[in-house]
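The values are calculated or read from the model by the stated rules, or taken from the named source; none is laboratory data. This is a predicted model, so every value here is computed, not measured. Every residue, glycine among them, receives a Cβ derived from its backbone with ideal geometry; neighbour counts consider all protein chains shown. We work out accessible area using only protein heavy atoms, side chains counted, and drop any ligands, DNA or RNA first. Shrake-Rupley method; radii C 1.70, N 1.55, O 1.52, S 1.80 Å.
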Amino acid sequence: YEDEPKENNPWSKKNVQFGRWYKSKLKADLSKLIDMMVMTQDIIAMKNINDAQLMCMELREANKRLVTIMLRTYDPPAIDCLLNLVVINSSLLDCYKKLVNGQKFVIP
């Protein structure tokens, strides 16, 4: 039958093309990442090392994914946006290292 999904995957279940489904998912993931980065800024500003450690573990994983996506895309505005997120994320990770080592830092 034509109206049955050909594959058992999320985009077929929602009856959308893969590209549209992926962009929608990526936008939602980036929104969550930005929220996490803002939360991490607040945690580092409060000098809460334990919570900052947990958040930075998540941010390290997110950074790997951001770099991978950035290197695979061919859309210059998307590359610019992703690169800005990588820079801010990396700066937060550097702030965490300085916090742990008792050094002064400026939160991005």
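For this structure, a couple of remarks:
- Any hit, the range 15-28, residues being in a helix (DSSP H, G or I), surrounded by 13 or more Cβ atoms within 10 Å (Cβ to Cβ), more than 10 Å from the chain's Cα centre (by Cα) and among the hydroxyl-bearing types (Ser, Thr, Tyr): yes
- Of the residues making up the range 29-44, not one is among the basic types (Lys, Arg) and open to solvent by less than 90 Å² (accessible area, probe 1.4 Å).
- Residue match in the range 45-68 (condition: modelled with pLDDT under 90, in contact with a Ser or Thr (Cβ under 7 Å, 6 or more places away or on another chain) and either in a helix (DSSP H, G or I) or open to solvent by 60 Å² or more (accessible area, probe 1.4 Å) (or both)): no
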